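Let me begin by presenting the structure, written as structure tokens, before commenting on it.
The values are calculated or read from the model by the stated rules, or taken from the named source; none is laboratory data. It should be emphasised that the depicted structure is a prediction, and the values quoted were computed from it without experimental measurement. With ideal geometry, Cβ positions are generated from the backbone for all residues, glycine too; neighbour counts draw on all protein chains shown.
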Amino acid sequence: MELALLALSLVLLCSAGLTRSLTITSVDQSVFEKAQGEKVMLPCTFELLEEDEGPLDIEWVFIPADNPEKEQVIIMYAVGRIYNHCNPTEIGRVHFTNPYPRCGDGSLDIMNLKAADTGTYQCKVKKVPGVQSKKIQLTVLVKPAGTKCSIEGSQEIGKDLTLKCASREGSPLLSYDWRRVSGPQELPATSMLNKNTGELLLKNVSQEDSGVYNCVASNRVGTDECSIELNVTPQSVCWVMVM
Ligand SMILES: *[C@@H]1O[C@H](CO)[C@@H](O)[C@H](O)[C@H]1NC(C)=O
């Protein structure tokens, strides 16, 4: 008796596997890259077949890139209702794109993106015997911000000094570029620029190197800048006054 039941359920399972059932039709794009504050639509459209006769369930699972153990369901459609999980950081930011996902559109909208939204999103659509899922990768990049310029070293003729530029925020890869915005526009011939650290090394400075310098920090989603004035003066002559 028990064996017969087991055999029957095996047959049922196998036939479910073989039947053509619901399909997820949005398959073209599975990698998204956005800037913080923007919105994104993660597509998950599907087609049901007549064989799919169970209740329709749609579920979005989020697996954070920086903490994969914290996998969580963020929104769900089940038994004709939408369950929008009330994680405080998501309130009002996460919706089904279509208010009636049962009609074949389980796409997800996320508004006002944050860096912490970076990770894997899995759309699972179930209407037994049909079960399908699709994974989407989302990266939320932060624009450079809070960029500050400074000068390290003495601003005296003949000395070496470094113009420094650093952004407080900004996703990698950040790149820095310096230019002179007063007088001769080109950088001094002996200067050495490190685009990764934002440092511009000036050797054996002369008064002609004086002027306003501008640094632009940039990454794939934005730019930020700062300026600083370099004022090269003759070497101090304090000892003359002491005499
Ligand atoms: C520094 O620059 C001056 C001219 O600006 C030049 O005469 C001198 O030789 C330079 N010194 C060094 C160490 O390069």
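What's the number of the condition ARG168 fails, among (1) in contact (Cβ under 8 Å) with a residue 40 or more places away in the chain; (2) under 25 Å from LEU113 (Cβ atoms)?
(1)
Hey, does segment 79-87 have a residue that's surrounded by 14 or more Cβ atoms within 10 Å (Cβ to Cβ), of a type in the set (D, E, K, R) and either out of contact with any Phe, Trp or Tyr (no Cβ under 9 Å at 6 or more places or on another chain) or not in a strand (DSSP E or B) (or both)? It would help to see each step written out before you state the result.
Step one: of segment 79-87, the residues surrounded by 14 or more Cβ atoms within 10 Å (Cβ to Cβ) are 82, 84-85.
Applying the additional criterion that residues be of a type in the set (D, E, K, R) yields none.
Checked against the condition, which is being surrounded by 14 or more Cβ atoms within 10 Å (Cβ to Cβ), of a type in the set (D, E, K, R) and either out of contact with any Phe, Trp or Tyr (no Cβ under 9 Å at 6 or more places or on another chain) or not in a strand (DSSP E or B) (or both), segment 79-87 yields no hits at all.
Residues in segment 189-220 that are within 10 Å of the ligand (Cβ to nearest atom) and either assigned to a strand (DSSP E or B) or under 11 Å from LEU163 (Cβ atoms) (or both): how many?
2
Yes or no, residue by residue, for (1) within 16 Å of the ligand (Cβ to nearest atom); (2) modelled with pLDDT of 95 or more; (3) under 17 Å from GLN72 (Cβ atoms):
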position: ILE110; (1), (2), (3): no, yes, yes
position: LYS124; (1), (2), (3): no, yes, yes
position: GLY130; (1), (2), (3): no, no, no
position: CYS149; (1), (2), (3): no, yes, no
position: LEU161; (1), (2), (3): yes, yes, no
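Taking interchain pairs and intrachain pairs at least six residues apart, which have beta carbon atoms under 6 angstrom, with the first residue in segment 142-165 and within 18 Å of VAL205 (Cβ to Cβ) and the second among the acidic types (Asp, Glu) and away from the ligand (no atom under 16 Å from the Cβ)?
THR162/GLU152; THR162/GLU199; LYS164/GLU152; LYS164/GLU199
Scan segment 51-71 for residues that are under 20 Å from CYS103 (Cα atoms) and either surrounded by fewer than 18 Cβ atoms within 10 Å (Cβ to Cβ) or out of contact with any Ser or Thr (no Cβ under 7 Å at 6 or more places or on another chain) (or both) and report the count.
Qualifying residue count, segment 51-71: 9.
Take GLY37 and decide whether it is touching a residue at least 40 places away in the same chain (Cβ under 8 Å), part of a loop (DSSP other than H, G, I, E, B) and either over 30 Å from GLY222 (Cα atoms) or touching a helix residue (DSSP H, G or I) at 6+ places or on another chain (Cβ under 9 Å) (or both). Walk me through how you get there before you give the answer.
Details: touching a residue at least 40 places away in the same chain (Cβ under 8 Å): yes; part of a loop (DSSP other than H, G, I, E, B): yes; either over 30 Å from GLY222 (Cα atoms) or touching a helix residue (DSSP H, G or I) at 6+ places or on another chain (Cβ under 9 Å) (or both): no.
Considered against the rule, which asks whether it is touching a residue at least 40 places away in the same chain (Cβ under 8 Å), part of a loop (DSSP other than H, G, I, E, B) and either over 30 Å from GLY222 (Cα atoms) or touching a helix residue (DSSP H, G or I) at 6+ places or on another chain (Cβ under 9 Å) (or both), GLY37 comes out as no.
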